[in-house]
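**Student:** Below is one structure. I have some questions about it.
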Amino acid sequence: MSGAAAGAERAAGSRAAAGSRAAAGARAAAAEPAVDRELARAHGLSEEEYEKLCGLLGRAPSFTELGIAAALWSEHCSYKSSRADLKELPTAGPHVVHGPGENAGVVDIGFGLVAAFKIESHNHPSFIEPYQGAATGVGGILRDVFTMGARPIACMDSLRFGDPRAPRMRYLVDGVVRGIGDYGNCVGIPTVGGETGFHPSYDGNILVNAFALGIARRDRIFTARASGAGNPILYAGSRTGRDGIHGATMASEAFGAESEQKRPTVQVGDPFTEKVLLEATLEAMRTGAIVAIQDMGAAGLTSSGFEMASRGGTGVRLDLDRVPLREPGLTPYEIMLSESQERMLIVARRGRQEEVARMYRRWGLEIERIGEVTAGGRAVVTAAGRVVADLPVGPLTAGAPVYRRPAEPPADLAARRRPPEVPAPPGGLAGALEKLLTTPELASKEWVWRQYDHTVRTNTVVGPGGDCAVLALKGTPQGLALTCDVNPVYCWLDPAAGAAQAVAEAARNLATAGAEPVGLTDCLNFGNPEVPAVAWQFREAVRGMAAACAALGVPVVSGNVSFYNETADGAGGGRQIHPTPTVAMVGVVPEIDRVPRSHFTAAGDRIVLLGEDRGEFGGSAYLRLLFGVEQGMPPRVDLEAESRLAELLRVLAYNGAARTAHDLSTGGLGVALAEACFGAGLGARVEVPLAGPALFSETQARALVACAPGQLARVLRLAETSGVPAREIGEVGGAELVIATDGETVRLDVEPLRAAWATALPRALGF
Amino acid sequence: MRCGVVVFPGSNCDHDVYHVLKHVLEQETAFLWHGDEDLRASELVVLPGGFAYGDYLRGGALAALAPVMAAVRRHAEAGGLVLGICNGFQILLEAGLLPGAMRRNRELRFLCRDVWLRIERADLPFTRGYRAGQVVRMPIAHSEGNYEDTPQALDALESAGQVALRYVSPAGELDEAWNPNGSARAIAGVTNRRGNVLGLMPHPERCAEELLSNTDGLALFAGTVAAAAGAVGAAR
């Protein structure tokens, strides 16, 4: 179809839509169910919440009003169970331009530029319908970024699946990966990093956390604060359909036997529309005629309208007869709650709406004036000339209920933390290493990320597969480094230590590339917060995260909480996921042409081990993946040691002293050495003063570096100055990985080991 | 050299190609809008990668009917240079400016990775920066790059020397294990009989700067620019 033909068809569709508007109004008047306590409960409102709503209105709400209030007060939109705790997180810092509360956090990255980024969960929809669930997760997070005026330049995804052999798991993995790929690839934003983990605690609730980052000039950031009474409110993008209604409330419940039936609550994405919406929006922003803008995400027109008014301290009047509809006959209730994708709500300057509209039409998109900003703080919604909702904005948004849920540690906590036995490796150290490297957890994730376009936009200096991704910032000598991390087993054993470890590991990963962190965004995935043990996990995790952020000087600039990641067991209980506070951190690389790689790059390079082992196995991959034991205290998080190590790694990178820097994490030194060999197929010969399973100990604040022989003395001297224990352990080269310990000497050919590691994941999944 | 990069709704490598031509090679470069028939006097027209019109129906099928394509066709018929990369290649196939068609990748999945290519024709305006038989590395990123045609048509293509690039092993040998998408006869790029239209699935614009650790693609653009300068020089 030619552009002109496409335009003609849209115009014809517009007339049809106009014809259907009167019908919508007529239906509104006719068949709205009467509201009572029962209906309120079915909408997820508690008895007290319903009372509070009636009190606010001085009457019973209409059906449409009930739908709106229930969506705004859902856990997903209101953060009612987490808000009190989240206040503990440090959100200020020298680089922070916009902290939490906007569509994305914004940090200054120098050269007059800012980075806008956020991570968000799409767990519930992805479990019900993996392809569309994951795809629309990517779509939503991209809109959160470009709604700030930033052009998206990178995506990451943190994925947690169950046991590969669990029912539906192969289907879920395939659908999620295809969904992320098809959406991001089409929009043309590279997916440069992320993580993929497997653990049976996700058998009934997978996690799909999508991250996006965009770049803008600092003086051209947009926010979502509706201001200026009389300014027109414009609706741009896809038409409104019946998809996704109750998505926000669905994401605020645990799964039961009927979760398959929730499929219609999952939205359907169209990445092509997203791409043109992105281009049109960035062009429209350059007109100077836009006051505020927000995408219609969870709870659609309801949340975007109310949140913009709430932030601006204003009200809104919305005329639903003017909302472009996909089909006739949608009720006001449906229009207000639809989660149809690829839609934006815009406040334009009075008298200048045509300048904005022209940009959207140029890209073949519909744009309609559907209301205006009002003074007085009320949201008034009309259909067919009749008021269908008249609600106070503040009390329904900023004034939403806040709960501090009763919390207590899980009853079996002491048992979980009992020091574990650490058996000798079955099949020797070499056998254990081979086995670890071929588990889905530690195997190469290339099968996943090669389905994502990670080279489009030509900024990807280091793509997926390393400790962090590194992107060039064209027009500057700088780069950006991105990573996301969390170890859910550590968090299950000790949520505070686990969350702190996630922050520390992310900072360490950035440091290997020479990057200084400027901010992080978190996605806090937990079970049902009404269960005291879950509320305790959440509170502990926030406490640990806050402490680590403060110690490492990294502010939290945006984030998302996903509760109710649990599935009813049919006996009145529920199976919860392991607590999973995902951390996505962003750092600035001062000199993009001096980025060490995560793998060995040159034979003859000397290998130096930084940090000291304390023989820690609690929650380790060694015990979990080889012996099925999840027990003990996770590795101690020494934030001062982490801080010193990160500083040293940055100094080594900046001075061009190290060619390789790779952090030690899951699987310890043994796995880190093997990974470093795989990147370029180079072997290594090292000698380490340790015995038995200590090769797989997961003591934190450690890293491997490799340098040219002439740089060795400098590396050791810089380490000493930084107060980081350092020891030369060997040399890069040959076709074998040789690890001499006190006892066994591991001797493995790199190529077959690499091939086994590279193919283990698709093999485990049967692809 | 005056270069034009076509922007379809859904193009997403337009800025990348523009960057190489404008900033790396410092050529006069403009974006060309899909709805216009004006090529703004471009000597080289590039159809970039992406998902033009969402690739609805088939990759490139709708884009082939866009107004700008009428002008691109006239430009090609007049001997002007047209380069189609990835989705741009698919559009050239759908527009009939190059022979053949694309099927989905052999493994039915999107594939983003580096491939090895052998330069089969080093005498085209686009490939003069390479030696015949030279093996280069470039990234691919597509789900429909499985080139196909009838055996007779493929024979004709081969005998007319229209196969410009093939997927090969790092040593330059034909080997199905190194054919990433199942393309017939490992074809990665084809040209028209006249040699002024080239379509290829790999992305030379993604490997044209030192910073990206691979500059194998730069010679394609630099060679095209040099060839055009040479042609102008000869005409004078």
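Bear in mind these aren't lab numbers, they're just calculated from the coordinates by the rules spelled out. Keep in mind the model is a prediction, meaning the values are calculated, not measured. Note that each Cβ is placed from the backbone with ideal geometry, even for glycine, and that neighbours are counted across all protein chains shown.
**Student:** Quote the charge dipole size of region B:98-175 about the Cα centre in Debye, to the nearest 20; the model charges only the Cβ of Lys and Arg (+1) and of Asp and Glu (-1).
**Tutor:** In total the dipole reaches around 320 debye.
**Student:** Cα centroid distance between region A:709-766 and region A:37-107, in Å?
**Tutor:** Each part reduced to its Cα centre gives a spacing of 50 Å.
**Student:** Related question: Determine the shielding of peptide B:110-118 by partner chains: average, over its residues, the number of Cβ atoms on other chains within 10 angstrom of each Cβ.
**Tutor:** Taking the mean over all residues of the peptide, I get 4.
**Student:** Now, a different point. Listed highest first by mean packing, meaning other Cβ atoms within 10 Å per residue, what order do A:747-753, A:757-763 come in?
**Tutor:** Highest mean packing first, the order is A:757-763, A:747-753.
**Student:** If you rank A:654, A:564, A:171 by fewest surrounding Cβ atoms within 10 Å, what's the result?
**Tutor:** Fewest-to-most ranking of A:654, A:564, A:171: A:171, A:654, A:564.
**Student:** Measure nothing but the geometry: give the 0 to 90° angle between the long axis through the Cα atoms of A:130-146 and the longest principal axis through the Cα atoms of chain A, rounded to 10°.
**Tutor:** So the helix axis and the longest Cα principal axis differ by about 80 degrees.
**Student:** Oh, and also: For the peptides A:132-144, A:579-591, A:669-681, what is the packing order when you average, over each peptide's residues, the other Cβ atoms within 10 Å and list the highest mean first?
**Tutor:** Going from most to least packed, we get A:132-144, A:579-591, A:669-681.
**Student:** Could you compute the FRET efficiency for residue B:28 and residue A:352, with r as their C-beta to C-beta distance and R0 at 56 Å, rounded to 0.05?
**Tutor:** Plugging the Cβ-Cβ distance into 1/(1 + (r/R0)^6) gives 0.95.
**Student:** Still on this model: Round to the nearest 10 and give me the degree value, 0 to 90, for the angle of helix A:750-765's Cα axis relative to the longest principal axis of chain A.
**Tutor:** So the helix axis and the longest Cα principal axis differ by about 30 degrees.
**Student:** Counting Lys +1, Arg +1, Asp -1, Glu -1, what net charge surrounds residue A:62 among other residues with beta carbon under 12 Å of its beta carbon?
**Tutor:** Neighbour charge sum, excluding residue A:62 itself: -1.
**Student:** Of all alpha-carbon pairs in region A:624-767, indicate the percentage at a distance above 26 angstrom.
**Tutor:** 30
**Student:** Net charge near residue B:66: determine it from the other residues with C-beta under 12 Å of the C-beta of residue B:66, scoring Lys and Arg +1 and Asp and Glu -1.
**Tutor:** Within the 12 Å Cβ shell, the charges total -2.
**Student:** While we're here: Amide H neighbours of residue A:215 under 5 Å, at least 5 residues apart or on other chains, H built in the peptide plane: list them.
**Tutor:** A:116, A:151, A:153
**Student:** Let me ask another. Straight distance only, please: which lysines reach the Cα of residue B:22 with their own Cα at less than 20 Å, same-chain residues fewer than 8 apart left out?
**Tutor:** A:474
**Student:** If contacts are Cα pairs under 8 angstrom and at least 6 residues apart, what is the relative contact order of chain A in percent?
**Tutor:** Rounded, it is 15 percent for chain A.
**Student:** Which loop GluC sites (Glu not before Pro) in region B:104-176, with loop taken from DSSP, have no more than 13 other Cβ atoms within 10 angstrom of their Cβ?
**Tutor:** Of the GluC sites (Glu not before Pro), the ones in loops of region B:104-176 whose Cβ has at most 13 other Cβ atoms within 10 Å are B:173.
**Student:** Further question: For residue A:740 and residue A:227 in one chain, what is 0.36 nm times their gap in residues minus the Cα-Cα distance, to one decimal in nm?
**Tutor:** 177.9 nm
**Student:** Shifting gears a bit: Taking the mean number of other Cβ atoms within 10 Å as a proxy for protection, how do you rank A:316-322, B:108-114 from highest to lowest?
**Tutor:** Descending mean neighbour count gives A:316-322, B:108-114.
**Student:** Tell me which residues come under 5 Å, amide H to amide H, from residue A:684 once H is placed; ignore anything under 5 positions away on its chain.
**Tutor:** Excluding prolines and chain starts, which carry no amide H, the hits are A:733, A:736, A:737, A:738.
**Student:** Same structure again: For a distance above 22 Å, tell me the whole-number percent of Cα pairs in chain B that qualify.
**Tutor:** More than 22 Å apart: 46 percent of the Cα pairs in chain B.
**Student:** Ok, one more. I'd like the antiparallel share, as a percent to the nearest 5, of DSSP beta bridges with both residues in the protein assembly as shown.
**Tutor:** Taking every DSSP beta bridge with both residues in the protein assembly as shown, the antiparallel ones total about 75 percent.
**Student:** Moving to a separate point now. Shielding of B:40-50 by partners, i.e. mean partner chain Cβ atoms within 10 Å per residue?
**Tutor:** 1
**Student:** Roughly how far apart, in whole Å, are the Cα centres of region A:625-681 and region A:122-194?
**Tutor:** 27
**Student:** Just counting partner chain Cβ atoms within 10 Å, what average do the residues of peptide B:66-72 show around their Cβ?
**Tutor:** Per residue, the number of nearby Cβ atoms from other chains is 2 on average.
**Student:** Enter the Cα centre distance for the pair region B:91-147 and region B:164-187, rounded to the nearest angstrom.
**Tutor:** 10
**Student:** Can I ask one more? Percent of alpha carbon pairs in chain A separated by more than 54 Å?
**Tutor:** Everything past 54 Å amounts to 11 percent.
**Student:** Right, something else. Using only the alpha-carbon atoms, how far is helix A:712-722 inclined from the longest principal axis of chain A? Give it as 0 to 90 degrees, nearest 10.
**Tutor:** 60
**Student:** Once both labels are modelled 7 Å past Cα along the beta-carbon direction, what's the residue A:749-residue A:287 spacing in nm?
**Tutor:** With each label placed 7 Å out from Cα toward Cβ, I get 6.6 nm.
**Student:** Under a 5 Å amide H to amide H cut-off, with H placed in plane at 1.01 Å, what residues pair with residue A:266 once short-range neighbours are removed?
**Tutor:** A:244
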